[in-house]
Amino acid sequence: QVATMAADLSGDFGQLMDHMQDMEFLKSDSKRGGWREPWEKLAQSFFDLHEKYPRWRNRPAALFRSALAMEELAKRSMLRQDAQAAVDRYGVFLKSYASHVLADDALFGIARIKADRFNDFSGAQEALNTIQNQYPRGDVAPEAKLYAQRLKAALEAAKSSTPGKKTAALLTDMKWEN
């Protein structure tokens, strides 16, 4: 029983690191990176690590990476349900780990998906405002502030001219790699 408790507390850091490396390889693999199954398996592997070790200190990171893998799948599949699944997984992360160092990153993921995929600009703005208000010193706060400014400018440009082109140009000018 002591060995089980020790394993539960230490988790499987090596496996987490392996999965993170797999994610980076998959992002750069022009062939396999476009397939659905590897992303689903990766998201599930991260989630399984999260579930397997309830007292593991890297548990939040595993859940966050699961959401990130789901977001990567959504970018490639262009399916609304994949994007919604990523938003939902980020939401699960935020419910459990709102004070975690990755909470602002999860909110930024939600904001990007809501703006870019759902055209839910008020929902995106809400997530961006939460970053600025609750996580002003977070690592993504400056990038989120810039994104919020560009989102606002894109919406104003869309109101005063041809909607599609200027909005798309302003939003897609950003680099979304973390």
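The values are calculated or read from the model by the stated rules, or taken from the named source; none is laboratory data. What you see is a predicted model; the values in this text were computed from it and never measured. Please note: Cβ atoms are built from the backbone with ideal geometry, for glycine as well, and neighbour counts cover all protein chains shown. Please note that ligands, DNA and RNA were not included when accessible areas were found on the heavy atoms of the full protein model with its side chains. Shrake-Rupley method; radii C 1.70, N 1.55, O 1.52, S 1.80 Å.
Brief remarks on what is shown
- With respect to (1) under 25 Å from residue 127 (Cβ atoms); (2) modelled with pLDDT under 95; (3) touching a Phe, Trp or Tyr at 6+ places or on another chain (Cβ under 7 Å), the lone exception for residue 11 is condition (1).
- Flag for residue 106 being at pLDDT 95 or above and either surrounded by fewer than 19 Cβ atoms within 10 Å (Cβ to Cβ) or part of a helix (DSSP H, G or I) (or both): yes
- Entry remark, segment 138-151: residues being in a helix (DSSP H, G or I), open to solvent by 40 Å² or more (accessible area, probe 1.4 Å) and touching a helix residue (DSSP H, G or I) at 6+ places or on another chain (Cβ under 8 Å) number 3 in total.
- Selection within segment 43-74 - part of a helix (DSSP H, G or I), over 19 Å from residue 103 (Cα atoms) and open to solvent by 10 Å² or more (accessible area, probe 1.4 Å): 44, 45, 48, 52, 73
- The condition of being without any contact (Cβ under 8 Å) to a residue 12 or more places away in the chain and part of a helix (DSSP H, G or I) does not hold for residue 114.
- Sole exception among (1) within 26 Å of residue 155 (Cβ to Cβ); (2) open to solvent by less than 50 Å² (accessible area, probe 1.4 Å); (3) without any contact (Cβ under 8 Å) to a residue 24 or more places away in the chain; (4) over 14 Å from the mean Cα position of the chain (by Cα) for residue 91, by number: (4)
- Top-ranked residue of segment 159-178 - restricted to ones that are touching a Leu at 6+ places or on another chain (Cβ under 9 Å) and open to solvent by less than 80 Å² (accessible area, probe 1.4 Å), ranked as modelled with the highest pLDDT: 171
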